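See structure below.
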Amino acid sequence: MSDVEFRYLLLGGLAIALAIAAVTDLRRRQIDNWLNAAIALCAPLYWWASNLTLWPDVAWQIGICLIVFFGFAVIFARGGMGGGDVKLLAALALWLPPMVFFSVLFLTSLVGGAMSMVAGARNLSLGSGDSGKRSLAFSATTLWVLGSCYIAWVMNGGKPLDATALLPAAIIKIALFALLGLTAVGAIVVSRNQKSRLPVPYGLAISTGGLLVIFTQFLPSARAAFAASGLG
């Protein structure tokens, strides 16, 4: 087995580990330390299979990992996310090139933001006379989720929608600004009218971002590598 094939097998193992992290965080609001440790400890094998040099390749990976760990530890200290989430992000940073990892961070923020909006919309503290606010909150949540899905779709190679064939460009711009305004106002309603703070499983968001990147950026080349070796 070549180093290239071994590299993609390791990425497959990483994908399985991320799926396990998503399930455990969703069910128990916890990502086990053994799982984060396994992801981190397998990173050197991936460096070797990817023919990374100690300088600057491995140094970059470790540097990004430390920045992520200490940066998100501040958010953890303020109650913004769990300790397991911080460890999972730091362990994942050991695997992915910096720009690819930043894509994971962006996708994680998209998924996490959508999850927070959905959780907030389901946890509103509004009376029967606040039906307008409630409708605004749910409309904004729907738009937020759809917008996040669309951005993630385009980021991962999906074809952008072209509405200019149906409507004039000026009308499209006005509609977009109106929808953005509606989403922003609805998000404010959601944030200001909570019964209590609901924990959001950000491990699920991290795992989703990582899996999307693995499947869209590495799976095609993995298929080609295994096909060339006669194993695919």
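The values are calculated or read from the model by the stated rules, or taken from the named source; none is laboratory data. For clarity, every value in this text was computed on a predicted model and none was experimentally measured. Here Cβ is always computed from backbone atoms with ideal geometry, including for glycine, and neighbour counts include all displayed protein chains.
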Within the range 61-79, residues surrounded by 14 or more Cβ atoms within 10 Å (Cβ to Cβ) and among the aromatic types (F, W, Y) come out as F69, F72, F76
Let me spell it out: the conditions are (1) modelled with pLDDT of 95 or more; (2) under 15 Å from the mean Cα position of the chain (by Cα), and F72 meets all of them except one. Which number is the exception?
(1)
Does W55 count as at pLDDT 95 or above, aromatic (F, W, Y) and either under 11 Å from W95 (Cα atoms) or surrounded by fewer than 16 Cβ atoms within 10 Å (Cβ to Cβ) (or both)?
no
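Looking at A40, A90, which is the one that is farther than 30 Å from C149 by Cβ and in contact with a helix residue (DSSP H, G or I) (Cβ under 9 Å, 6 or more places away or on another chain)?
A40
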Would you check if L89 is at pLDDT 95 or above and either in contact with a Lys or Arg (Cβ under 7 Å, 6 or more places away or on another chain) or over 21 Å from D32 (Cβ atoms) (or both)?
no
The residue from P168, P220, P201, P160 that alone is touching a residue at least 40 places away in the same chain (Cβ under 8 Å) and of a type outside the set (F, W, Y) is P201
The conditions are (1) farther than 22 Å from P98 by Cβ; (2) aliphatic (A, V, I, L, M); (3) surrounded by fewer than 19 Cβ atoms within 10 Å (Cβ to Cβ), and I31 fails exactly one of them. Which is it?
(3)
What pairs can you find where one residue is in the range 61-81 and in contact (Cβ under 8 Å) with a residue 40 or more places away in the chain, the other is in a helix (DSSP H, G or I), and their Cβ atoms are less than 6 Å apart, with a gap of 6+ or different chains?
M81/I75; M81/Y202
Count, please, the residues in the range 1-55 that happen to be under 25 Å from P220 (Cα atoms) and out of contact with any Cys (no Cβ under 9 Å at 6 or more places or on another chain).
30
Output the residue which, of all residues in the range 160-201 that are of a type in the set (S, T, N, Q) and either closer than 22 Å to S135 by Cα or under 27 Å from the mean Cα position of the chain (by Cα) (or both), is surrounded by the most Cβ atoms within 10 Å (Cβ to Cβ).
T183
